[in-house]
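Please treat every number below as a calculation from the coordinates, not as lab data. Fair warning: this is a prediction, and the values are worked out from it, not measured in the lab. Cβ: placed from backbone, ideal geometry, glycine included. Neighbour counts: every protein chain shown.
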Amino acid sequence: MKPNENLNLFLQPKAEIAVLPIENKSILTSDKSELSYMASLILQGVDDGYADPMDTLLMAKKGMYVFKGIVEGLEGKVAVPEKGYTKHHCTIREQMTGVKYHFEECNDPVWTELYEQFKAIEFQLKERQEWLKTFKKPTEVEAEIDEDTGEEISPARKINPPVKMGGMSIIISIKNEKDGDS
């Protein structure tokens, strides 16, 4: 048994409520370097074997869920009092985000024609990509012939499967108690 096995994530006895391990400093009044320090203390607890890595990850994921809910719930309820406003080591400003332009109402026939061509090609490209995804190994295919004209669209050839790229991630789904553990 490790000497600190009965300590929780924040290096406090498991029976006590967890508090951030940083000299009674609150998240609200901390600056960026102090927040980084808090994170490093928690990670150091994991590295030193005092905190379970999975529990730490789950705590962080659940914390993100809580804070995201708070941020979303406060949208439209917070007004920035003045330009260049700062509070608690934060600069707060309003700016337009997620800007999107809609060109359909511009009444530009050149744009309309180009957009129609783009959508047709985009559809053909997606169909072709779905077809190419069916290849799991290099495969010889016959020449493709245009059914209307009888002309060869592409010669017989070997089709290689598309290169599948991605990273591995740990996906965490937070469940309601009634959903049960999984």
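Spin-label model, THR149 to ILE172: label points 7 Å out along the Cα-to-beta-carbon direction sit 5.8 nm apart. Considering only PRO81, ILE92, TYR115, the residue lying farthest towards the positive end of the dipole of the stretch 44-139 is ILE92, judged by Cα position with unit charges set on Cβ.
Each residue, ALA39 and LYS100, gets one label point 7 Å from its Cα in the Cβ direction; the gap between the two is 3.0 nm.
Think of the stretch 128-182 as a dipole: +1 on every Lys or Arg Cβ, -1 on every Asp or Glu Cβ, centred on the Cα centre; then among GLY150, TRP131, ILE174, ILE174 lies furthest on the positive end. Among SER30, SER169, SER36, the ranking by other beta carbons within 10 Å of each residue's beta carbon, starting with the fewest, stands as SER169, SER36, SER30. Of the GluC sites (Glu not before Pro) found in the stretch 102-164, the ones in coil according to DSSP and having at most 11 other Cβ atoms within 10 Å of their Cβ are GLU142, GLU147, GLU151. Which of rounded, prolate or oblate describes the stretch 23-165 when judged by the alpha-carbon gyration tensor and an a/c cut-off of 1.5? It comes out oblate by the Cα gyration axes.
A simple charge model with +1 on the Cβ of Lys and Arg, -1 on the Cβ of Asp and Glu and nothing else charged puts the dipole of the stretch 104-159 at about 700 debye relative to its Cα centre.
Cross-linked pairs LYS32/LYS83; LYS119/LYS175; LYS32/LYS68: Cα-Cα separations exceed 29 Å for LYS119/LYS175.
Restricting to DSSP loop positions (anything but H, G, I, E, B) with no more than 13 other Cβ atoms inside 10 Å of their own Cβ, which trypsin sites (Lys or Arg not before Pro) remain in the stretch 30-102? Passing both the DSSP loop test and the Cβ count: LYS77, LYS83, ARG93, LYS100.
Taking chymotrypsin sites (Phe, Trp or Tyr not before Pro) across the stretch 27-109, the ones in a DSSP loop with at most 15 further Cβ atoms lying within 10 angstrom of their Cβ are TYR101, PHE103.
Oblate is the label for the stretch 104-159, because the ratio a/c of its alpha-carbon gyration tensor axes (a ≥ b ≥ c) is 1.5 or higher and a/b is not greater than b/c.
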